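The values are calculated or read from the model by the stated rules, or taken from the named source; none is laboratory data. Quantities reported herein were computed from a predicted structural model and do not represent experimental measurements. Counting neighbours? That spans all protein chains shown, and the Cβs are built from the backbone with ideal geometry, glycine included.
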Amino acid sequence: MKAHDVNVIREAMEAQLGRSQHPDEFPVLPQVPAGRYFDPEFAALEREHIWLKTWLMVGHESEFPDTGSYRVTNKLDRSVIITRGKDGQLRAFNNSCRHRASALLMEPQGKTQRFTCPYHAWGYGLEGDLIVVPDAHDFPCLNKSEMGLVPVRCEVWRGLVYLNFDKDAEPLADFMAPMAAQATGFPLENLVVKDRYSIEADCNWKVAFDNFLEIYHVRFCHPQSLAPYLNSQSFVVSLFENGHSRFATRKQQTDTLFAYTGLTVSDQADQTFNEYTIALPTFPNSFYALDAAGFNYLTFWPIAPGKVLMEGTLFGWPSDSEEDKAYWKTMRTAVQGILAEDMYLFGGIQKSMQNGVIPNLVMGYQERALYWYQEEIDRRIGAERIPEALRVKPVLAGQQQG
């Protein structure tokens, strides 16, 4: 991170550690309507204006090492192929044959020279062009040049691969610009995927995402699994444009979040990331906390208004050692154990909102990042489209940094 940002964090931490009152200069947060977490009309607005129009992280460049390497992602009722072309560029296409709409690929990942439909063997090049049509003479009006795979916007930021279903969306670099300085000094491009897991929970995606946007609960929900490694009283938050934010917390006990013998730790990361846990919640659905040993990158995907898919990607440094493999096996167990402690509560939260027992949610100063992304949801949907009873009041614009 830049020296200025580190100094800002340190000064904010000192103020936070000495704080015993609500900051006078910070607005009291209004209550958040619980209906935003279960109302089907609101979920439809989110889908139209957030999920189908915002950049979404789906992988890492290291997962596409060769020409023809591909992954298939199935989220938001969309199946998308991501592949590396002969020119080295990453591209994404809807996983649908232009003939009669069959899925082209059933395997989640692999390597190929072309995409061949399993139904009638129409074949497509790695750049999406239609190149093979069996019995082509039976399609006299078919123009191959107009029948390539339907593209999906695909761009890369610091090695992370993003999709956007809106062809008119702003460039990814602009969307992520507020976060650029926050990850400076941490070589995200050099990471590799160590493991990946997914878990479903019976709650709205925001219930699960909210859980990672504050540290208020850590002392009480994770007294043994996580609290010993973080000084939760030092937690500071910065709010950025586009609904993004940054958290910083002092580490306790070790330079890495979890100590482990034989751990592969990069010396490429700035010392700042050894001293502090720097978390970068990224709108609309990503959370990760940078750590010199690697980290768990979480994304939250709506399945229904009351159901979420949580996907965790474990990022680390290139190593084939047995010690490294053992570490990541242990790490997966640890992060899933912490997540289980949270998930134990998610279902009850959802039920209390849906049955009307709790009509509004109360949020305090430590939960300002939750309110910030709720404001961003309304900005992107357009407040005029949202039923008045489900809107949040915009009060945090003056608290934005950068």
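Name every residue in region 1-51 that is aliphatic (A, V, I, L, M), within 21 Å of GLY382 (Cβ to Cβ) and touching a residue at least 40 places away in the same chain (Cβ under 8 Å), in order of residue number.
First, pick out the residues of region 1-51 that are aliphatic (A, V, I, L, M): 1, 3, 6, 8-9, 12-13, 15, 17, 28-29, 32, 34, 43-45, 50.
Subset that is within 21 Å of GLY382 (Cβ to Cβ): 32, 43-45, 50.
Matches in region 1-51: VAL32, ALA43, LEU45, ILE50.
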Would a scan of region 66-74 turn up a residue that is more than 19 Å from GLU127 (Cα to Cα) and either in contact (Cβ under 8 Å) with a residue 40 or more places away in the chain or not hydroxyl-bearing (Ser, Thr, Tyr) (or both)? yes
Go through the residues of region 324-332 one by one and say whether even a single one is modelled with pLDDT under 95, among the β-branched types (Val, Ile, Thr) and touching a strand residue (DSSP E or B) at 6+ places or on another chain (Cβ under 7 Å). no
Residue hits (region 131-150; farther than 30 Å from SER62 by Cβ and under 35 Å from the mean Cα position of the chain (by Cα)) are GLU146, MET147
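Please work out if ARG153 is at pLDDT 95 or above, under 22 Å from the mean Cα position of the chain (by Cα) and not β-branched (Val, Ile, Thr). Don't jump to the end; show me each part of the working.
Numbers: at pLDDT 95 or above: yes; under 22 Å from the mean Cα position of the chain (by Cα): yes; not β-branched (Val, Ile, Thr): yes.
Yes.
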Please go through region 268-301 and give me each residue that is within 16 Å of TRP317 (Cβ to Cβ), assigned to a helix (DSSP H, G or I) and either acidic (Asp, Glu) or free of Cβ contacts under 8 Å to residues at least 40 places away in the same chain (or both), ordered by number. ASN274
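Being loosely packed, with under 14 Cβ neighbours inside 10 Å and either aliphatic (A, V, I, L, M) or out of contact with any strand residue (DSSP E or B) (no Cβ under 6 Å at 6 or more places or on another chain) (or both) is the requirement here; does GLY347 meet it?
No; evaluated as a whole, the condition is false for this residue.
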Going by what's in this entry, would LEU130 be described as in contact (Cβ under 8 Å) with a residue 12 or more places away in the chain and under 28 Å from THR313 (Cβ atoms)? no
Would you kindly identify the strands (runs of 3 or more DSSP E) lying entirely within region 23-94 that contain at least 3 residues that are surrounded by fewer than 14 Cβ atoms within 10 Å (Cβ to Cβ)? none
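Where in region 154-245 are there helices (runs of 4 or more DSSP H), lying fully within it, with 3 or more residues that are over 25 Å from LYS307 (Cβ atoms)? Full working, then the answer.
Details: elements: 172-180, 205-211, 218-221.
By residue number, 172-180, 218-221.
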Is there a residue in region 193-208 that is under 26 Å from PRO302 (Cβ atoms), of a type outside the set (Asp, Glu), surrounded by fewer than 16 Cβ atoms within 10 Å (Cβ to Cβ) and not assigned by TED's automatic domain parsing to the domain that holds PHE295? no
Selection within region 354-394 - farther than 22 Å from PHE283 by Cβ and part of a helix (DSSP H, G or I): GLN354, GLU388, ALA389
Kindly indicate whether PHE26 is among the hydrophobic types (A, V, I, L, M, F, W, C) and assigned by TED's automatic domain parsing to the domain that holds PHE287. yes
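Before we move on, is GLU376 assigned by TED's automatic domain parsing to the domain that holds PRO394, at pLDDT 95 or above, under 16 Å from the mean Cα position of the chain (by Cα) and over 30 Å from ASP24 (Cβ atoms)?
Details: assigned by TED's automatic domain parsing to the domain that holds PRO394: yes; at pLDDT 95 or above: yes; under 16 Å from the mean Cα position of the chain (by Cα): yes; over 30 Å from ASP24 (Cβ atoms): no.
When the stated conditions are applied, GLU376 does not pass them.
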Residue count for region 124-146, restricted to those that are touching an Asp or Glu at 6+ places or on another chain (Cβ under 9 Å) and more than 18 Å from LEU105 (Cα to Cα): 2
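Please verify whether HIS49 is closer than 30 Å to THR83 by Cα, of a type outside the set (S, T, N, Q) and in contact with a helix residue (DSSP H, G or I) (Cβ under 7 Å, 6 or more places away or on another chain), treating the condition exactly as stated.
Working: closer than 30 Å to THR83 by Cα: yes; of a type outside the set (S, T, N, Q): yes; in contact with a helix residue (DSSP H, G or I) (Cβ under 7 Å, 6 or more places away or on another chain): yes.
Judged against the criteria, HIS49 is a match.
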On the given criteria, is TYR37 assigned by TED's automatic domain parsing to the domain that holds GLU376, farther than 26 Å from LEU314 by Cβ and of a type outside the set (Lys, Arg)? yes
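In this structure, is ILE358 surrounded by fewer than 16 Cβ atoms within 10 Å (Cβ to Cβ) and either in contact (Cβ under 8 Å) with a residue 12 or more places away in the chain or closer than 19 Å to TYR229 by Cβ (or both)? Spell out how you get there, then give the answer.
Numbers: surrounded by fewer than 16 Cβ atoms within 10 Å (Cβ to Cβ): yes; either in contact (Cβ under 8 Å) with a residue 12 or more places away in the chain or closer than 19 Å to TYR229 by Cβ (or both): yes.
When the stated conditions are applied, ILE358 passes them.
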